[in-house]
Amino acid sequence: MTYHIGAERVSLDELRKRIVETDLIPSRAALLDGITEKMKALEQQGITTLAGLRNELKSPKRLEALSGRRQVSTRNAPLILLRRKSKAISQSRLRWRAFDWLPGRDR
């Protein structure tokens, strides 16, 4: 049995709130600059959920198309930071067996 966040049910507004309320590492603090406007711009392009955002940001070509400019290679570009944060929100699924310090039966 595994547990994870259902990305299809997380809206961009919920993602924005989560980013704002989370302590960000310094290299991701730029995400907070104009985050409300950026999320609204993404919604205007038809991206409404975390799953949709991940789908649009998963490849360099899609990232370039979404940003509207060529060669989005800057390490701290807002969309790249957003992609990294969206991946970090729901990391790899873990099986209960991974929690070997918890008491249980038949791991």
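What to note about this one:
- Annotation: peptides 21-30, 57-66, ranked by per-residue average of other Cβ atoms within 10 Å with the highest first, follow the order 57-66, 21-30.
- Cα gyration tensor shape for the stretch 1-54, rounded if a/c is under 1.5, else prolate or oblate: oblate
Since every read-out is calculated from the coordinates, none of them should be taken as a lab result. None of these values were measured; they are calculated from a predicted model. Every residue, glycine among them, receives a Cβ derived from its backbone with ideal geometry; neighbour counts consider all protein chains shown.
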